Amino acid sequence: MSGPGGRRDREPARVIVADDQSMVREGIVLVLGLLPGIEVVGAARDGEEAVALTAELAPDVVLMDLRMPRCDGVEATRRIRAEHPGTEIVVLTTYADDDSLFPALRAGARGYLTKDAGGEEIVRAVHDVLDGRAGLAPAVQRRLLEQLMAQPERRPGPSGEGPRGPRRQADPLPDGLTEREAEVLTLVADGLSNQEIGARLSISTATVKTHINNLFAKAGVRDRAQAVRYAYQHGIVAPPGRTIT
């Protein structure tokens, strides 16, 4: 739950549902309409309609199917995130394979659920992405961790530059990150929202956003999912079962 004055305490999340199967689309709209904290403001039959409705209605979140005609969910996600960065994307699809999952996350989706998710799980994912967290199904989180664990440890080249393994305290931070930015990144990887990070570090939410924007720019990442992957790859955060020495 958001704290006092949090978004969910003020107004429901405005959502567009995008799915090419009319029965599925109408069913999702019906279920969400019965749950608190959500206002369905539109429904799209494909990615092109999702992009057009986003431009027209400025929703908080689009629930995006992936395999749709004319413009698939990955391309629609990429276009919406580029043209309307205030709108978040939660993928809602039948498929949880790597060929579907990773392109969607790279395109800018911050949530990923399969269609066996219940209404309350969908609502929770919508609220999570609006609070700055990743709205991922447990199976998707496990798959992301498995991929990270499967990646071989990378070390610096002879010049001392390039990808590196877990960072020792004496090692310089990559890409000019400051210690505070690395600290914020660690808390992002722990799944904390901006408000929670601010409380943990005794700084304002606005200052947290500034640190996140700065580290995103330095690291060359677009969203929190990419930032978490960056943190693991550069040894700022140790994957489960490993420690940074």
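Descriptive notes on the structure:
- Distance between the pseudo-spin-label points of Y95 and A52 (7 Å out from Cα toward the beta carbon): 2.4 nm.
- Long-range Cα-Cα pairs in the stretch 1-129 (distance over 20 Å), rounded percent: 36 percent
- T186 versus A199: modelled label distance in nm, points set 7 Å from Cα along the beta carbon direction: 2.0 nm
No lab work stands behind these numbers, since they all come straight from the coordinates. Because the structure is a prediction, the values reported are computed rather than measured. Every residue, glycine as well, gets a Cβ built from its backbone with ideal geometry; the counts of neighbours run over all protein chains shown.
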